[in-house]
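S.K.: Pasting in a structure now, in structure tokens, and then I'll have a few things to ask.
The values are calculated or read from the model by the stated rules, or taken from the named source; none is laboratory data. None of the values given here were measured: they were computed from a predicted structure. Virtual Cβ from ideal backbone geometry, glycine too; neighbours counted across all protein chains shown.
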Amino acid sequence: MVAEGIAPTADRTLGFMVPARNARGQVVRLDATLNAILAAHPYPEPLIRLLAEALTLTALVGATMRQDDGQVTVQAQAKGGVVELLACDWRAGELRGYLKFDEQAVVSEAMSLPALFGKGYLAITVDQVSSEERWQGIVPLEGHSLAAALEGWFSQSEQLPTLMRIGVAGSAENGGMGGWLAGGLLIQHLARAEIGGERLDAGEQHPDWEHVAALAATTTADELTDIDLSAEQLLWRLFHEEQVRVVPGPTPVKGCRCSAAHIRDVLMRFPESERAEMRDDKGLISVDCQFCSRVFGIAA
Ligand SMILES: [Zn+2]
């Protein structure tokens, strides 16, 4: 199962199944894509790690979607903590994200979600574009990590026992640019969905799930961000006694929809009187993209 010749570091997603256990999962690694996204934002290190974790979660869920053209949005809105807003989305491998935070606040490592966000919630929205299906989950920002919050939501609301592990490696020292690497593993048990008609009261107690979850739970942050350990090698290490099928998924890239042409299209939907109010003395409308930290001066 170990694939030779596949670059172990580059940005990628790898879907997998453990058919005998009715489990499916995803391995994600974010490298150049993560650094390209972070380069637009001079955040303190703990917030870089938080955004990297959120981007990895978004990619894990995004790569799990049945359709390539779907979109996954992960957004946290909060009051009374350091972070007011965090937004990430994924569409066909295109990933982007940013956060807004209180620059006066003291940020330290290992802050709990309530310390980071105060009171708030995480909304995860999945849009399947071709079938126009949309579903949204709302998760309270409690506990010690975004991954744990999302795991709980999948298990309780979706009745899809889920385990997630995320690792973020790097440092903001020496400017910190270019040196971040994140990795994630998601595994879910499909007993209910896959066994036609007959509902198994499987849940967290199903022996197949207990088995694969126990194996997957041994994954460490170091393994997820080990530049010399490919996704295939990681799966082999975890599930070498099982038959595992792998399905390469889309390669994550930094993507944003903030082209000048797109923004102009949006602006042209406003009535002329409103556009007149938005124009500066050079006749341009200034629009900024929070994802890219870019300001566009648009003639519209
Ligand atoms: Zn943008």
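S.K.: In the set 172, 202, which member is at pLDDT below 85 and over 19 Å from residue 44 (Cβ atoms)?
M.R.: 202
S.K.: Could you check, for the stretch 223-230, whether at least one of its residues is farther than 15 Å from residue 18 by Cα and over 20 Å from the mean Cα position of the chain (by Cα)?
M.R.: Yes, the stretch 223-230 has at least one match.
S.K.: Could you check the stretch 68-107 and list, in sequence order, the residues that are in contact (Cβ under 8 Å) with a residue 60 or more places away in the chain and either out of contact with any strand residue (DSSP E or B) (no Cβ under 8 Å at 6 or more places or on another chain) or outside the structural domain of residue 31 (by TED's automatic domain parsing) (or both)?
M.R.: Listed by number, the residues that qualify are 68, 92.
S.K.: Kindly indicate which of 110, 36, 32 is more than 14 Å from residue 251 (Cα to Cα) and away from the ligand (no atom under 16 Å from the Cβ).
M.R.: Matching residue, one of 110, 36, 32: 110.
S.K.: Another one. Mind checking which residues of the stretch 224-253 are touching a Gly at 6+ places or on another chain (Cβ under 8 Å) and closer than 21 Å to residue 210 by Cβ?
M.R.: If the condition is that a residue be touching a Gly at 6+ places or on another chain (Cβ under 8 Å) and closer than 21 Å to residue 210 by Cβ, then no residue fits.
S.K.: Pairs, please: C-beta under 6 Å, at least 6 apart or cross-chain, first residue within 24 Å of residue 55 (Cα to Cα) and in the stretch 254-279, second in a loop (DSSP other than H, G, I, E, B) and within 16 Å of the ligand (Cβ to nearest atom)?
M.R.: Qualifying pairs under 6 Å: 256/291; 256/292; 258/292.
S.K.: Have a look at 38, 51 and point out the one that is touching a Cys at 6+ places or on another chain (Cβ under 9 Å) and farther than 13 Å from residue 126 by Cβ.
M.R.: It is 51.
S.K.: Can you list the strands (runs of 3 or more DSSP E) lying wholly within the stretch 199-300 that have 3 or more residues being within 16 Å of the ligand (Cβ to nearest atom) and surrounded by fewer than 16 Cβ atoms within 10 Å (Cβ to Cβ)?
M.R.: 294-298
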